[in-house]
Amino acid sequence: MLRTIFWVVVIAALAAFSAANWVPVEVRIWEGLLLETRLPALVIGAFALGLVPMWFLYRATRWRLTRRITTLETSLNTRAAPSLSSTNLEAAQVQPPRNETL
């Protein structure tokens, strides 16, 4: 819910910024190379250049940690499974008390 609210606020702010600043700007890339674009396109491009690599890093880290957790859980389950053999289960069962009369 909070993530959705955050992205709605970011998109609304970007739309308001774009409407107020729809002016052409010149960006000098090299000495003889000029790029004429609108200011909102420049801001969105800069935002994407910062967001996309960090998002890929986040997703890759999350994928790697999920695989690691799955591997550790699997190894824990295979190590714990032999201790629950049938002989241990029979010994662990509670025996009803015997009525011994002398």
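When restricted to residues that are hydroxyl-bearing (Ser, Thr, Tyr) and either at pLDDT 65 or above or in contact with a strand residue (DSSP E or B) (Cβ under 9 Å, 6 or more places away or on another chain) (or both), the range 49-102 contains 9. Counting residues in the range 21-38 that are aromatic (Phe, Trp, Tyr), at negative phi and part of a helix (DSSP H, G or I) gives zero. Taken over the range 3-31, the residue count meeting the criterion of being of a type in the set (Val, Ile, Thr), surrounded by 10 or more Cβ atoms within 10 Å (Cβ to Cβ) and modelled with pLDDT of 95 or more is 2.
The values are calculated or read from the model by the stated rules, or taken from the named source; none is laboratory data. These figures come from a predicted structure and were not determined experimentally. All Cβ positions, glycine included, derive from the backbone under ideal geometry; neighbour counts span all protein chains shown.
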